[in-house]
Ligand SMILES: [Zn+2]
Ligand SMILES: [Zn+2]
């Protein structure tokens, strides 16, 4: 799956289905300070992501 | 409308079977787009009503930078206007003159006020203080946010007074408020901890209201995205208060592991405020010797910044 980080850089992640929260932890991102879209739709971070998904992480905190 | 996804988590409002867009960690609720918008509007209305922020006939100046929080603030106030008798809005944008940042946000600000039809005033540091922030900061960039905050507050007050506003609405959200409580405690700044800007003591002082104080940053950004008002804008190039950044990261960590931390911090502050006898500004209202504005010493902070004694 493709991960788009808050700074707009992208990462490729090859792994089975897993909760988005888990992906955030791998990148050291606190779920409290972001929101996520999966294939262009807003989803809770407890939703799952799998092969073929595009996960975009949007930072909500200003100046941080 | 994108196709539904079999993996969708459903909204916890009943009866509703729409896919959830947000999980509210402290209440455990999952909300769909419609219910999330409703939740944000309700929280906003509850904050405004609970603290009696708006009275019939008020002319409210909205501090409108064009950024996320103030955009949500203006939209929510504007949408609620029909529920308040004779209340009018105007937006005030302060142009600090920050190269590479301000032009685009002002553009976004003008777009929105034009689209929804709200009176809009733009005041610049250059016209009020004789120079833009970039010039005023030369040699003291490390204090950028302090200097800018003091000048911006003055610019807003002046513009709001000129426009005949009764109140100034600012976009501080739950996260900002919780950070401020902790920062005031960490700095030992008791006066700022207990001082409530909304109570508006001296007659010449325009009270400030914070209608977004019950909404988290996540709820605000989600609301903007869901209503088609989210816009990616450049970040201010000045680096911010060192302490605030540390407090922000620390509080976000606590909120994640202990949901409700930020709300608890704010309710502790409110309890302290309720139980504190007002330490009325020693000797009553004083006025600045230079500019005549209300201040706590002989010369106000703005005049001190502009005369550059440091
Ligand atoms: Zn729903
Ligand atoms: Zn002065």
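Looking across B:46, B:52, one residue alone is more than 16 Å from ligand 1 (Cβ to nearest atom) and either free of Cβ contacts under 8 Å to residues at least 24 places away in the same chain or within 14 Å of another protein chain (Cβ to nearest Cβ) (or both). It is B:52.
For every residue, the table says whether it meets (1) modelled with pLDDT under 95; (2) touching a helix residue (DSSP H, G or I) at 6+ places or on another chain (Cβ under 9 Å); (3) surrounded by fewer than 23 Cβ atoms within 10 Å (Cβ to Cβ).
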position	(1), (2), (3)
B:57	no, no, yes
B:62	no, yes, no
B:67	yes, yes, yes
B:71	no, yes, no
B:74	no, yes, no
B:80	no, yes, yes
B:88	no, yes, yes
B:93	no, yes, no
B:97	yes, yes, yes
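When region B:291-305 is filtered for residues that are part of a helix (DSSP H, G or I) and over 15 Å from residue B:161 (Cβ atoms), the ones remaining, listed by number, are B:301, B:303, B:304, B:305.
When region A:29-42 is filtered for residues that are facing chain B (nearest Cβ under 7 Å) and under 10 Å from the mean Cα position of the chain (by Cα), the ones remaining, listed by number, are A:31, A:35.
Here are some residues: B:233, B:243. Which one is at pLDDT below 95, closer than 20 Å to residue B:149 by Cβ and in a helix (DSSP H, G or I)?
B:243
Count, please, the residues in region B:270-310 that happen to be on the phi > 0 side of the Ramachandran plot and either at pLDDT 85 or above or within 26 Å of the chain's Cα centre (by Cα) (or both). Summing the residues that are on the phi > 0 side of the Ramachandran plot and either at pLDDT 85 or above or within 26 Å of the chain's Cα centre (by Cα) (or both) in region B:270-310 gives 1.
Determine whether residue A:51 is touching a helix residue (DSSP H, G or I) at 6+ places or on another chain (Cβ under 7 Å) and on the phi < 0 side of the Ramachandran plot. Here the answer is no, as residue A:51 does not meet what is asked. For region B:106-147, a tally of residues being at pLDDT 90 or above, within 18 Å of the chain's Cα centre (by Cα) and assigned to a helix (DSSP H, G or I) returns 5.
On the basis of being in contact with a helix residue (DSSP H, G or I) (Cβ under 7 Å, 6 or more places away or on another chain), more than 16 Å from ligand 2 (Cβ to nearest atom) and either within 13 Å of chain A (Cβ to nearest Cβ) or free of Cβ contacts under 8 Å to residues at least 12 places away in the same chain (or both), does residue B:16 make the cut? In short, no.
Rundown of residues vs (1) crowded, with 22+ Cβ neighbours inside 10 Å; (2) touching a residue at least 24 places away in the same chain (Cβ under 8 Å), yes/no style:
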position	(1), (2)
B:146	no, yes
B:158	no, yes
B:163	no, yes
B:167	no, yes
B:171	yes, yes
B:188	no, no
B:192	no, no
B:208	yes, yes
B:215	yes, yes
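Any chance you could count how many residues in region B:1-40 are surrounded by 18 or more Cβ atoms within 10 Å (Cβ to Cβ), part of a loop (DSSP other than H, G, I, E, B) and near ligand 1 (Cβ under 9 Å from one of its atoms)? Result for region B:1-40: 2.
The values are calculated or read from the model by the stated rules, or taken from the named source; none is laboratory data. Computed from a prediction, not measured in an experiment: that's the story for all the values here. Don't worry about glycine lacking a Cβ; one is built from the backbone with ideal geometry, like all the others, and counts go over all protein chains shown.
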